[in-house]
Ligand SMILES: [Ca+2]
């Protein structure tokens, strides 16, 4: 009898687990276990969304959980979505971009894949305007930074959301979260690394792409092109910028051994704009028809990166080959230089602490002062570059970063420097954290180079099966030697596996570049952005003409040479 009763209980539990959750269960009362240490839950609401994100069949229950940290007056919204059917037992935290702590639109494609998802607004707006501009929330009053909302944005809200997201996933489904993943790029990449540092047990796997870590270095560095143009009294035209990018690529393309319109060995590229002086430019109206000494000086200062008035290093400049248009935008019918909105907002709100402050008048000396003050005031809040990842490693966490080597917003040199610092503390970093760099690719994508195609799947294989990503599968919608303006649609036509840093991808120099048989690993010069003492590393390349079954098998079984 006892055995039969036990069997019945087992059967009932099994039936409950196997049954899809009814839409009628999608109510706020269906989740009971919401306790967030340090916060108070103000409200929970639930809504059934049969086509979440306008994806047919993406049938989810979406919860909005509003919390506050007592005494602060903040109201933080957490957006959790759980599939009604086919939940895969995995929770995925969704990263943000710019000043938005979460990108809500990124959740729906992931619930369609079976994940439950979570994103937070960290107590301030997540709309597209809020991505570029922190002014609605930066200050409580002039000179008075809202440190609480900054802390929310930096890290606290990420953990709160994760606690809430896991609890709701489990309460609503009646099953436990088996694995959890963070997925983000840019601000989302910074958030992933902040979680690894501050909340090392929150996630089993973290995607931290093009991470906005070293916030107090790269954010002022984003303002450098604007400050240089103002201080030098010279506004570069789009044709001058483009001439510099085109000439740099032409000069340094072949240093990696393969003329493909991509600089894959940026550390070897010593091209300067001085070589362009006197060359012809496309011109119209009042724009210059000849490349001037002044234009060359301004571009070389931007490439060099921010320096103190006496020339001391502050941070890296834009990689050669990266587009200038993001950090040095041009407005039609304007003869004034324009700032990058995110860094300009940081200078006004958090450094000058005055939304009416004119950043156009910042001298080189004042720039250095702001740079150093930023470190002093905010490194402990939003530096996010502690290299000590031992607790994350001991938790068993695995992490992958990829970044474009032509990133036009966040200097990949900083990301590599961070990896070097981790490695200096822990020589086994490769066992739990790997970085991959995509030549010819911009910030979180864009450009003619290859970008990863199966990053989350490869991270899952590492976390759940112990299959480490010796190569990261990647693809490009552009054929070899395509120009940026060549429209080829959104489907990938070329595939290549990226090697983990500090190994690099390099063409062997012979044969058809669209045939995998033409490629082999060989020794060559490193493409690290930060020059190393010994720059000779073993490199490997596998370019696959089509992502067919045999190509995938090759990617999954092949290995790069030793570091
Ligand atoms: Ca090349």
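Descriptive notes on the structure:
- Of the strands (runs of 3 or more DSSP E) that lie entirely inside region 129-211, those containing 1 or more residues that are assigned by the TED database to the domain that holds residue 34 and out of contact with any helix residue (DSSP H, G or I) (no Cβ under 8 Å at 6 or more places or on another chain) span 139-141.
- The numbered conditions (1) touching a residue at least 40 places away in the same chain (Cβ under 8 Å); (2) touching a strand residue (DSSP E or B) at 6+ places or on another chain (Cβ under 7 Å); (3) crowded, with 23+ Cβ neighbours inside 10 Å are all true for residue 75 except (3).
- Some residue of region 286-303 being at positive phi and part of a loop (DSSP other than H, G, I, E, B): no
- Here 278, 311 are screened, and the one residue that is touching a strand residue (DSSP E or B) at 6+ places or on another chain (Cβ under 8 Å) and in a loop (DSSP other than H, G, I, E, B) is 278.
- Considering residues of region 264-275 that are outside any loop (DSSP other than H, G, I, E, B) and within 24 Å of residue 449 (Cβ to Cβ) only, the residue nearest to the chain's Cα centre (by Cα): 266
- Filtered residues of region 29-67 (kept if modelled with pLDDT under 95 and farther than 22 Å from residue 157 by Cβ): 29, 30, 32
- Hits in region 95-118 - residues which are in contact with a strand residue (DSSP E or B) (Cβ under 7 Å, 6 or more places away or on another chain) and in a strand (DSSP E or B): 116, 117, 118
- Test set (1) surrounded by fewer than 23 Cβ atoms within 10 Å (Cβ to Cβ); (2) over 20 Å from the mean Cα position of the chain (by Cα) - residue 325 fails condition number: (2)
- For region 218-232, the condition of being modelled with pLDDT of 95 or more, away from the ligand (no atom under 16 Å from the Cβ) and assigned to a loop (DSSP other than H, G, I, E, B) holds for none of the residues.
- Test: residue in region 126-139 that is touching a residue at least 24 places away in the same chain (Cβ under 8 Å) and farther than 28 Å from residue 350 by Cα: no
- Applying a threshold of 6 Å to beta carbon distances and a minimum spacing of six or more residues, or different chains, the list of pairs starting in region 356-372 at a residue that is outside the structural domain of residue 344 (by the TED database) and ending at one that is crowded, with 18+ Cβ neighbours inside 10 Å is empty.
- Within region 264-275, if we keep just the residues that are closer than 20 Å to residue 408 by Cβ and away from the ligand (no atom under 11 Å from the Cβ), the residue that is surrounded by the fewest Cβ atoms within 10 Å (Cβ to Cβ) turns out to be 272.
- Within the option set 123, 86, 102, being surrounded by fewer than 20 Cβ atoms within 10 Å (Cβ to Cβ) and in contact (Cβ under 8 Å) with a residue 24 or more places away in the chain holds for one residue only, 86.
- You will find that of 285, 257, 261, 305, the residue that is modelled with pLDDT under 95, within 25 Å of the chain's Cα centre (by Cα) and either within 20 Å of residue 237 (Cα to Cα) or within 16 Å of the ligand (Cβ to nearest atom) (or both) is 261 and no other.
The values are calculated or read from the model by the stated rules, or taken from the named source; none is laboratory data. Keep in mind it's a predicted model, so treat the numbers as computed, not measured. Cβ: placed from backbone, ideal geometry, glycine included. Neighbour counts: every protein chain shown.
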